[in-house]
Number of protein chains: 2
Amino acid sequence: MTKLTMKDIARLANVSQPTVSRVINGNKAVNEDIAKKVMKVIEEVGYIPNKAAQTLKKSSSHIIGVCVTEVYNPYFVELIETLEAECRKIGYNILLHNSKHNPITEWESIQNFLARQVDGLILVPASDYNMQRISELSTPSVIITQNKPQLDSIGLNHLQAGKIVVESFIRAGHKKFGFIGTEIDEKFLGFDGSLRENGFTFDKRNYVRLEVTSIDNFLMRRDIEKYFTEVGRPDFTCAFAANDIMALEFMKAAQERNIRIPEDISLVGFDDTYLAKIMGISSIHQPIEEMVKMTIEILQNRIEHEVSSTPVTIQLEPMLIERNSSRWKRID
Amino acid sequence: MTKLTMKDIARLANVSQPTVSRVINGNKAVNEDIAKKVMKVIEEVGYIPNKAAQTLKKSSSHIIGVCVTEVYNPYFVELIETLEAECRKIGYNILLHNSKHNPITEWESIQNFLARQVDGLILVPASDYNMQRISELSTPSVIITQNKPQLDSIGLNHLQAGKIVVESFIRAGHKKFGFIGTEIDEKFLGFDGSLRENGFTFDKRNYVRLEVTSIDNFLMRRDIEKYFTEVGRPDFTCAFAANDIMALEFMKAAQERNIRIPEDISLVGFDDTYLAKIMGISSIHQPIEEMVKMTIEILQNRIEHEVSSTPVTIQLEPMLIERNSSRWKRID
DNA sequence: CTGTTAGCGCGTTCAT
DNA sequence: ATGAACGCGCTAACAG
């Protein structure tokens, strides 16, 4: 079966090609009987309009380009799934790329999106590197999970997240604090800042540092093992991990050294993914659905109304979900 | 910055539009100086060719449509990531859909792929429902993870996987066998068949059955809880789970009831995902990279040579990776 | 080597 | 209400 075009349908239905176009696009100005006949032919032969031609003609593809930084973390998978579902509801498809935290790759992806005539971009940014030129694009874009001044963005208050965790640790009687992550980000700054506010200081040796490039099981485990080898038994009684995977990896590595969670070390993760739920790890909840819905609303607005006013910045508040990994009162 | 076309570049470089096209497509029959000038202009203004127009002209989009059944299982995430990486290497993008085990959704996705002029399809089938009409498409397609007679397919020998697991259980001294899954599939048939061959029978009450629709943490857990509530302490000393998530959920639910893994119940999962690695769950390894590479090779062949010979069927052999969840000799 | 011409499949005037 | 004609941006065939 060779590809059919509108012309073929027109011939089969004894009408002109524009009439077929009108029928397909629900143009009312067309005789009902003719419309029915055309529809019948379309059904019979299984004709599907060529979106490349439609895109070319309307300079709109009904595709949203999405670029995330990783998919190892189930949080992003859930994010993508929700994005896809919500986009589908309003008639958009998603073109998905993975920058793997690499700004060069991110920019290549964006070029590709533009070449494919996407109507909008949704980005989990790999770094600040591309933000400026993204803001200069004629294609509207929204940053998700983080806030960036130059662009429409919708993120979580990471500073506040760090603070919430510190406060819960302090309430539970902890005095020595650990952090598990890849970099000095806002989560850490909130964590560190809140410690100071409460009269504590963060001991740098309690930073379990993973490489940004350690985004698989083997590499993360290696970094954590390295920490234990260098430091021995950790000098903290509670720890905040930058995401649930890190929390889980740390928990397993600790348990193998007979460090009990939460008795010896209380643990809080980030993202509140299914991993945290299954494993009973406390975690900072990110309201994915809310974020996604707002993101798409903003984007759709930009696409349809093209109002290039000042960037919209929305910041959602984090919530700590307490589970067994941190349900422990410290008495000493 | 409004969208630029080849015509604009041509004007800026004082050449004709087809010359720009030649330069971009690396056509050698073009004066070097002119080529350089054109390239310079392209660089300066940041021109990107319109792929919708290219697609329309060449009736080839350089897109592969991929439709999977779920993304909750990290196995599929890894599969998708590998597919994307391999496709990118040969200049293809991926359009990703999720059928959520629904054949209707699957067919809609395929229609969408065809509308977008994809050059090929890669499918994790939702059921046999669409196989026939997929085989009648003019767009080449390959089924991955399972074997289907009508189509090119590359899968794992699931029967053999069930058999391997049974044999390892028997060697460890087990006599009462459990299965955790959603349906009577080949894994189960291999498991059950091998039990018979070895003089055992599978007790239906030892089937921990999850709904096909239970593809998230909450629902799977509910199904497993239901099993424990109905059956009480399971009457098996070893169990084979249809995937790693199920294995993990079962493990956690069991442990909460003071059933020890592996001492009381030895456990083997399926897919050998990072979950199994982190949690020390034995699992059947699926050679993702090998599968993906072969899939793409077959597809590329079909796309380029269009040889519609008989379907290619490749079946890879499973391998059991033993970890702590089943390292236990049963003596009774 | 380069420019002119045509046409991919569709939506959109403009006539009728 | 319908058809003829045009053009979206690009590649390919053909002249010159």
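I'd like to know if the stretch A:110-120 contains one or more residues that are more than 16 Å from DNA strand D (Cβ to nearest atom) and in contact with a strand residue (DSSP E or B) (Cβ under 6 Å, 6 or more places away or on another chain). Yes, the stretch A:110-120 contains a residue that is more than 16 Å from DNA strand D (Cβ to nearest atom) and in contact with a strand residue (DSSP E or B) (Cβ under 6 Å, 6 or more places away or on another chain).
When B:Ile261 is tested against (1) over 26 Å from the mean Cα position of the chain (by Cα); (2) crowded, with 19+ Cβ neighbours inside 10 Å; (3) more than 21 Å from A:Ile278 (Cα to Cα), just one condition goes unmet, and that condition is (3). Tallying residues that are more than 8 Å from DNA strand C (Cβ to nearest atom), part of a helix (DSSP H, G or I) and touching a helix residue (DSSP H, G or I) at 6+ places or on another chain (Cβ under 9 Å) within the stretch A:23-35 yields 3.
Selection of the stretch B:4-22 for residues being more than 8 Å from DNA strand C (Cβ to nearest atom) and either in contact (Cβ under 8 Å) with a residue 12 or more places away in the chain or acidic (Asp, Glu) (or both) yields B:Leu4, B:Thr5, B:Met6, B:Asp8, B:Ile9, B:Leu12, B:Ala13, B:Val20, B:Ser21. With the condition kept exactly as written, say whether any residue in the stretch B:60-73 is more than 30 Å from A:Val77 (Cα to Cα) and either of a type outside the set (Ser, Thr, Tyr) or away from DNA strand C (no atom under 16 Å from the Cβ) (or both). There is no residue in the stretch B:60-73 that is more than 30 Å from A:Val77 (Cα to Cα) and either of a type outside the set (Ser, Thr, Tyr) or away from DNA strand C (no atom under 16 Å from the Cβ) (or both). Please verify whether B:Leu114 is closer than 19 Å to B:Ile296 by Cβ and either surrounded by 23 or more Cβ atoms within 10 Å (Cβ to Cβ) or out of contact with any helix residue (DSSP H, G or I) (no Cβ under 9 Å at 6 or more places or on another chain) (or both), treating the condition exactly as stated. So B:Leu114 does not fit the description; no.
The rows are residues; the columns are (1) under 17 Å from B:Leu320 (Cα atoms); (2) touching a Cys at 6+ places or on another chain (Cβ under 7 Å); (3) touching a residue at least 60 places away in the same chain (Cβ under 8 Å); (4) not in a loop (DSSP other than H, G, I, E, B).
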residue: B:Arg205; (1), (2), (3), (4): no, no, no, yes
residue: B:Thr213; (1), (2), (3), (4): no, no, yes, no
residue: B:Arg222; (1), (2), (3), (4): no, no, no, yes
residue: B:Tyr227; (1), (2), (3), (4): no, no, no, yes
residue: B:Phe236; (1), (2), (3), (4): no, no, yes, no
residue: B:Phe250; (1), (2), (3), (4): no, no, yes, yes
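Filtered by the rule that a residue be within 11 Å of DNA strand D (Cβ to nearest atom), away from chain A (no Cβ under 14 Å) and in contact (Cβ under 8 Å) with a residue 12 or more places away in the chain, the stretch B:23-64 gives a lone residue, B:Val23.
Report yes if B:Lys3 is within 14 Å of chain A (Cβ to nearest Cβ) and within 13 Å of DNA strand D (Cβ to nearest atom), otherwise no. Yes: the conditions hold for B:Lys3.
Can you name the residue in the stretch A:71-111 that is in contact with a helix residue (DSSP H, G or I) (Cβ under 6 Å, 6 or more places away or on another chain) and in a loop (DSSP other than H, G, I, E, B) and is also nearest to the other protein chains (Cβ to nearest Cβ) among such residues? Here the answer is A:Val71. Among the residues of the stretch B:11-22, just one is part of a loop (DSSP other than H, G, I, E, B) and either in contact with a Cys (Cβ under 8 Å, 6 or more places away or on another chain) or among the aliphatic types (A, V, I, L, M) (or both), namely B:Val15. Counting only residues that are modelled with pLDDT of 95 or more and over 18 Å from the mean Cα position of the chain (by Cα), give me the strands (runs of 3 or more DSSP E) lying completely in the stretch A:128-194 with at least 1 of them. Output list reads A:177-181.
I'd like the full set of residues that are over 20 Å from A:Val66 (Cβ atoms) and either buried (at least 18 other Cβ atoms within 10 Å of the Cβ) or at the interface with chain A (Cβ under 10 Å from one of its Cβ atoms) (or both), limited to the stretch B:117-129. Matches in the stretch B:117-129: B:Gln117, B:Asp119, B:Gly120, B:Leu121, B:Leu123, B:Val124, B:Pro125, B:Ala126.
Among the numbered conditions (1) away from DNA strand D (no atom under 13 Å from the Cβ); (2) charged (D, E, K, R); (3) assigned to a helix (DSSP H, G or I), tell me where B:Asp8 comes up short. Condition not satisfied by B:Asp8: (1).
For (1) assigned by TED's automatic domain parsing to the domain that holds A:Val212; (2) of a type outside the set (Lys, Arg); (3) touching a Ser or Thr at 6+ places or on another chain (Cβ under 7 Å), each residue gets a yes or a no:
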{"site": "A:Ser127", "(1), (2), (3)": "no, yes, no"}
{"site": "A:Gln132", "(1), (2), (3)": "no, yes, no"}
{"site": "A:Ser138", "(1), (2), (3)": "no, yes, yes"}
{"site": "A:Pro149", "(1), (2), (3)": "no, yes, no"}
{"site": "A:Ser153", "(1), (2), (3)": "no, yes, yes"}
{"site": "A:His174", "(1), (2), (3)": "yes, yes, yes"}
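When each of B:Ile288, B:Ile281 is tested for being surrounded by 17 or more Cβ atoms within 10 Å (Cβ to Cβ), closer than 16 Å to B:Ile122 by Cβ and within 14 Å of chain A (Cβ to nearest Cβ), the lone residue that passes is B:Ile288. Annotation: A:Val118 fulfils all but one of (1) away from DNA strand C (no atom under 13 Å from the Cβ); (2) assigned to a helix (DSSP H, G or I); the unmet one is (2).
Remark: B:Ala85 matches the filter, which requires a residue to be of a type in the set (Gly, Ala, Ser) and away from DNA strand C (no atom under 15 Å from the Cβ).
A quick yes/no check of all residues on (1) within 27 Å of A:Glu136 (Cα to Cα); (2) modelled with pLDDT of 95 or more; (3) in contact with a strand residue (DSSP E or B) (Cβ under 8 Å, 6 or more places away or on another chain):
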position: B:Pro18; (1), (2), (3): no, no, no
position: B:Gly26; (1), (2), (3): no, no, no
position: B:Ile48; (1), (2), (3): yes, yes, no
position: B:Ala52; (1), (2), (3): yes, yes, no
position: B:Ser59; (1), (2), (3): no, no, no
position: B:Thr82; (1), (2), (3): no, yes, no
position: B:Pro103; (1), (2), (3): no, yes, no
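Among the candidates B:Glu249, B:Glu256, the residue that is acidic (Asp, Glu) and under 23 Å from B:Glu183 (Cβ atoms) is uniquely B:Glu249. The residues on offer are B:Gly190, B:Gly199, and the sole one that is buried (at least 22 other Cβ atoms within 10 Å of the Cβ) and over 30 Å from A:Asp272 (Cα atoms) is B:Gly190.
The values are calculated or read from the model by the stated rules, or taken from the named source; none is laboratory data. Every value quoted in this text rests on a predicted model; they were computed, and no experiment measured them. Note that each Cβ is placed from the backbone with ideal geometry, even for glycine, and that neighbours are counted across all protein chains shown.
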